[in-house]
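Student: My questions will all concern the structure given below.
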Amino acid sequence: MIKPTGYYQRDRNWHPPAFDENYKTSVTRSPKFAPLSFASGISEETGPTFGHQILGPLDHDLIVNFAQPNELAIGPRIIVYGRVMDQDGRGVAGALVEVWQANAGGRYRHKKEGYLAPLDPNFGGCGRVITDAEGNYEFRTVQPGPYPWPNRVNDWRPAHIHFSVFGHAFAQRLITQMYFEGDPMIWQCPIVDTIPSREAIETLIAALDMDRTVPMDARAYKFDIVLRGARQTVFENRMEGL
Amino acid sequence: MAQKIQRLKESPSQTAGPYVHIGCTPSFTGIDIYPEDLGSKMVNAQTKGERVAISGTVIDGAGMVLRDTMVEIWQADAQGLYNSPQEARGTADANFTGWGRSPGDADTGEFHFDTIKPGRVANRDGRLFAPHITFWIVARGINLGLHTRMYFADEPAANAEDPILTRIEHQNRVPTLLAKNDGKGSYRFDIVLQGKDETIFLDI
């Protein structure tokens with residue numbers, strides 16, 4: 001029988017390092033000691049599951065899930081779809097994907113948010129979906145706006161959607177952000193720039209997909225997400241004496 | 001030229017940012033579109049095991065408590081089984097989720113979990129871990145979610161043979177992973193991101 005025998009080592013040169021002086025908040029929030037490396041075990045190779053029964057009928061539709069009856073959120077209507085898969089390209093079924101974002105003006109619905117762009121009374125800014133048997137997901141929203149943030153004097157976030165993803169194991173737990181194809185602000189952003197390589201950054205840029213666009217309604221962006229993969233072998237590999 | 005290995009790179013992490021609560025605990029932020037925030041209840045009246053409460057804060061390198069974290073925990077039930085489809089060793093307590101999520105108190109930043117003390121589970125080599133709870137911490141300024149473990153200071157015998165605790169080179173840092181019981185079933189686990197008392201984080 002083939003069974004998982006541990007998750008692939010996380011490539012810490014591909015992920016952003018903890019410390020990046022241009023993302024100032026990371027300066028005091030970055031551990032300085034080396035993390036203790038340890039092969040994953042049952043505590044990390046298991047994880048919570050979320051059944052489709054937790055979902056309400058509008059959870060995946062940010063255009064209406066906070067809106068007053070017969071009202072709609074303001075902004076460019078988009079569909080975001082994609083596939084959650086592991087590093088071996090297998091679809092991750094039943095993955096909970098939670099998303100949050102600013103409104104079309106670049107304003108979050110949060111008491112600590114001070115940007116002068118107005119709130120949209122019909123937009124909450126969060127939603128959630130669970131992937132199907134092949135790992136596919138889809139939600140509808142408005143395209144968020146860019147916004148300034150306190151870092152250096154004139155730093156702006158590119159338009160982005162935050163993603164929190166649960167795979168099948170706690171070792172796969174991931175939070176990341178989706179950016180939009182063609183946005184020049186991506187290459188100005190200190191948070192994007194915490195990611196060491198352009199190649200890695202490009203994996204977070206969703207592609208405009210005109211074939212999935214709903215004519216006269218909403219454009220579509222494709223955003224695939226890759227979670228850690230697990231070794232699978234017919235052999236029980238174990239170092240003797242350990 | 002050899003054959004190509006077609007493996008994908010993991011999606012790179014990005015910080016959860018200052019507004020993680022909008023997406024993960026929206027009710028906490030006043031966005032009431034879901035019945036409740038996920039992970040807010042781990043136990044019910046039928047859950048087996050010793051009830052414990054866990055509280056703590058996340059502290060930065062300047063000694064300041066963070067007030068914009070999200071802390072998740074994952075743990076075994078009282079028998080040492082995980083409530084997960086990947087658990088092949090037995091059937092976990094159906095009345096215990098094993099997973100908790102806390103947005104932290106808006107004013108004090110303190111996270112809180114009402115849970116049970118987990119049973120022991122074995123490492124892949126068969127050695128038993130001491131009872132432990134997996135922690136995952138995200139916040140603005142944290143670029144990749146931090147994994148660590150909470151162990152119980154009142155389990156000295158089990159801790160002394162734990163495969164991770166015994167592996168730590170700087171044994172003087174082990175106490176950063178030990179939560180203390182206040183004598184009434186409440187454990188304190190403060191997480192220090194940076195500095196002299198920096199918590200041991202795991203690359204696991």
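Student: Over what distance in Å are the Cα centres of the range A:88-111 and the range B:1-53 separated?
Tutor: First find each Cα centre; the distance between them is then 11 Å.
Student: Same structure again: Work out the mean other chain Cβ neighbour count within 10 Å for the residues of B:21-30 and drop it here as an integer. Please list the in-between numbers first.
Tutor: On the way: counts 4, 13, 13, 7, 2, 9, 0, 0, 9, 4.
Mean shielding by partner chains, rounded to a whole number: 6.
Student: Something else about it: Restricting attention to the range B:93-174, which GluC sites (Glu not before Pro) occupy a DSSP loop and are surrounded by at most 11 other Cβ atoms within 10 Å?
Tutor: Values: sites: B:E110, B:E161, B:E169; in loops: B:E110, B:E161, B:E169.
Of the GluC sites (Glu not before Pro), the ones in loops of the range B:93-174 whose Cβ has at most 11 other Cβ atoms within 10 Å are B:E169.
Student: Go ahead and estimate [θ] at 222 nm for chain B from helices alone: -39,500 (n - 2.57) per DSSP H run with n ≥ 4, summed, over the residue count, rounded to 500.
Tutor: Rounded to the nearest 500, the figure is -1000 deg cm²/dmol.
Student: Which residue, A:V97, A:V84, A:V214, tops the fluctuation ranking in a GNM of chain A built on C-alpha contacts under 10 Å?
Tutor: Highest fluctuation among the options: A:V214.
Student: If you don't mind, another one. What net charge do the residues around A:D132 carry, taking every other residue with its C-beta under 15 Å from that of A:D132, with Lys and Arg at +1 and Asp and Glu at -1? Write out the running numbers ahead of the final one.
Tutor: Working: positive: A:R83, A:R90, A:R128; negative: A:D59, A:E134, A:E138, A:D224.
Taking every Cβ under 15 Å from that of A:D132, the sum is -1.
Student: So, in Å, what gap is there between the alpha-carbon centers of the range A:14-86 and the range A:199-228?
Tutor: 16 Å
Student: Please give the average number of partner chain Cβ atoms lying within 10 Å of the Cβ of each residue in B:156-166, rounded to a whole number. Write out the running numbers ahead of the final one.
Tutor: On the way: counts 0, 0, 0, 0, 0, 0, 0, 4, 4, 1, 0.
That works out to 1 on average.
Student: Cα gyration tensor of chain A, axes a ≥ b ≥ c as square roots of the eigenvalues: rounded (a/c below 1.5), prolate (a/b > b/c) or oblate?
Tutor: On the way: a/c = 2.07, a/b = 1.37, b/c = 1.51.
In terms of gyration-tensor shape, oblate.
Student: Taking 0.36 nm per intervening residue step and subtracting the Cα-Cα distance, what contour gain separates A:R198 from A:E21 on full extension? List each step's numbers first, then the result.
Tutor: Details: separation 177, 0.36 × 177 = 63.72 nm, distance 1.85 nm.
Gain in length upon complete extension: 61.9 nm.
Student: What ranking do B:32-41, A:58-67 get when scored by the average of other Cβ atoms within 10 Å per residue, highest first?
Tutor: Ranking, from highest mean packing down: A:58-67, B:32-41.
Student: Further, regarding this structure: Mind checking B:136-143 for the average number of partner chain beta-carbons within 10 Å of each residue's beta-carbon? Before the final figure, lay out the partial values.
Tutor: On the way: counts 3, 1, 4, 2, 5, 12, 8, 14.
Averaged over the peptide's residues, the number is 6.
Student: For the range B:1-115, just say rounded, prolate or oblate: build the C-alpha gyration tensor, square-root its eigenvalues into a ≥ b ≥ c, call rounded for a/c under 1.5, and beyond that prolate if a/b exceeds b/c, oblate if not. Kindly include the intermediate steps, with their values, before the conclusion.
Tutor: Numbers: a/c = 1.82, a/b = 1.08, b/c = 1.68.
Because a/c hits 1.5 or more and a/b fails to exceed b/c, the range B:1-115 counts as oblate.
Student: Report for the protein assembly as shown the percent antiparallel among DSSP-assigned beta bridges with both residues inside it, nearest 5. Don't jump to the answer; show the numbers that get you there.
Tutor: Numbers: 61 of 80 bridges.
Once the DSSP bridges in the protein assembly as shown are tallied, antiparallel ones form about 75 percent.
Student: What are the ³J(HN,Hα) couplings of the range B:87-103, residue after residue, when phi is run through the Karplus curve with 6.51, -1.76, 1.60 and θ = phi - 60°? Round to Hz, x for glycine and proline.
Tutor: Once θ is set to phi - 60°, the couplings for the range B:87-103 become 7, 9, 8, x, 10, 6, 4, 5, 9, 9, 6, x, 10, x, 9, 10, x Hz.
Student: Net charge near A:E98: determine it from the other residues with C-beta under 10 Å of the C-beta of A:E98, scoring Lys and Arg +1 and Asp and Glu -1.
Tutor: On the way: positive: A:R128; negative: A:D59.
Every neighbour counted, the sum reads 0.
Student: A follow-up question, please. Compute the signed sum of charges (Lys and Arg +1, Asp and Glu -1) over the other residues within less than 13 Å, Cβ to Cβ, of B:G145.
Tutor: Details: positive: A:R10, A:R12, A:R29, A:R173, A:R228, B:R101, B:R140; negative: A:E44, B:E10, B:E72, B:D203.
Residues near B:G145 contribute +3 overall.
Student: Taking the highest mean first, how do the peptides B:50-59, A:37-46 order by number of other beta carbon atoms within 10 angstrom per residue? If you can, show how the numbers build up before the last one.
Tutor: On the way: B:50-59: 19.1, A:37-46: 20.7.
So the order, starting with the most tightly packed, is A:37-46, B:50-59.
Student: Separate question: Summing -39500 (n - 2.57) over the DSSP H runs of n ≥ 4 in chain A and dividing by its residue number, what mean residue ellipticity at 222 nm do you reach, to the nearest 500 deg cm²/dmol? Display every interim value, and only then the final one.
Tutor: On the way: 3 runs with 13 residues, N = 242.
Roughly -1000 deg cm²/dmol at 222 nm, from the helical runs in chain A.
Student: Could you run the Debye sum over the Cα atoms of the range B:116-156, one equal point scatterer each and no solvent, and tell me log10 of I(q)/I(0) at q = 0.14 Å⁻¹, two decimals?
Tutor: Normalising to I(0) and taking log10 leaves -0.44.
All of the numbers you see were taken from the coordinates with simple rules; none came from a lab. Bear in mind that the values here come from a model prediction, so they are computed numbers and not experimental data. Glycine gets a Cβ as well: all are built from the backbone with ideal geometry, and neighbour counts include every protein chain shown.
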